[in-house]
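The values are calculated or read from the model by the stated rules, or taken from the named source; none is laboratory data. Keep in mind it's a predicted model, so treat the numbers as computed, not measured. Here Cβ is always computed from backbone atoms with ideal geometry, including for glycine, and neighbour counts include all displayed protein chains.
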Amino acid sequence: MSTLSVSTPTSTSHAKVEEKRGLSTAAKRRLPLLPALIFVIAVTQLPFLLTVFYSFQSWNLVRPGSRHFVGLQNYVDVFSDTTFLVALLNTVLLTVVCVFVALLLGLGLAILLDRKFLGRGVVRTLLITPFLILPAAGALLWKTTMFDPTYGLLHFVFGTDVDWLSEFPLASVMAQIVWQWTPFMMLLILAGLQSQAKDVLEAANVDGAGRWRTFVSITLPHLSRFLQLATLLGAIYIVNSFDAIFLMTQGGPGTASTNLPYYIYQRAFEGFDVGQSSAMGVVVVILTMIVATFALRLMFRTFSVSGGIK
């Protein structure tokens, strides 16, 4: 015999009171976050909206009174600008190569540091050091200490008088950025290696699986989410690289090492073209959002919405 539950007006009103109380409690918990939210909106969204507004204006600071509405003409000029297309290609090449090489080097160093040996703590600290150096200081260090054609370390090792920053500008910038970001990749992957279940590795060893087979079949699948996270974060930071290009090559020779952040800087602060530089900035933000959306979808296949691992 089944019992039917009948909702009375009293129970309904009690449920509404509990619901309002829960909403009030949730609002009180979120209230301390309101100043931080307002600050984030003030320093990120308002400047972006102002940039979007200026992107529809023709405004050059060296011509007072020249500001007027031009609609989408700045965007048309951006995509017909060959220098912008070259900077876009350099940005994609710089990001892909640096992330890939830094990821491989970080993986190799993480595997070495995952083993116990004498002085591992000292070695780990030394390998992390490049990531702790300011990007501007690292760029100047490589420019004067490594790539100087007369007194540089590469000149001392190879005995050649190659001017690396002039003959191989983009590759030189890539080398500095890889050196800067490899420790970051190493730390993320090392955290993944140390989170492995040791009993699984011992079982694989007992079953006769070699080191390569264990790495490919057990370790690498376990590291997939850490590799995805390192790739996403590394790409977000490296695509905005400015210090190395500004201090090492100035985007040259010509436009050989010019990327999008540096070209936007040139148009805004050297060419004083507020309208077109704003349009470039909006285009870069949209392209970054598209790439980040695809990357996040890949990560969401690994991480559940609740924060757990699928």
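Would it be correct to say that LEU220 is assigned by TED's automatic domain parsing to the domain that holds ALA209 and in contact (Cβ under 8 Å) with a residue 40 or more places away in the chain? So LEU220 fails the test. Within region 285-310, residues that are in the same structural domain as LEU233 (by TED's automatic domain parsing) and aliphatic (A, V, I, L, M) have Cβ atoms under 9 Å from residues that are surrounded by 10 or more Cβ atoms within 10 Å (Cβ to Cβ) and at pLDDT below 75 in no pair, counting only partners at least 6 apart in sequence or on another chain. Is one or more of the residues making up region 155-162 farther than 27 Å from LEU227 by Cα and crowded, with 17+ Cβ neighbours inside 10 Å? Checked against the condition, which is being farther than 27 Å from LEU227 by Cα and crowded, with 17+ Cβ neighbours inside 10 Å, region 155-162 yields at least one hit.
When VAL6, VAL62 are screened for being loosely packed, with under 10 Cβ neighbours inside 10 Å and modelled with pLDDT under 80, only VAL6 passes. Residues of region 147-165 include none that is of a type in the set (Ser, Thr, Tyr) and under 26 Å from the mean Cα position of the chain (by Cα). Restricted to region 165-204, and to residues there that are assigned to a helix (DSSP H, G or I) and in contact with a His (Cβ under 9 Å, 6 or more places away or on another chain), the residue that is nearest to GLN228 (Cα to Cα) is GLY192. Looking at region 136-164, which of the residues that are of a type in the set (Phe, Trp, Tyr) and part of a loop (DSSP other than H, G, I, E, B) is farthest from PHE242 (Cα to Cα)? Among those residues, the one meeting the criterion is TYR151.
One residue alone among VAL123, VAL101, VAL97, VAL62 is outside the structural domain of SER257 (by TED's automatic domain parsing) and of a type in the set (A, V, I, L, M, F, W, C), and that residue is VAL62.
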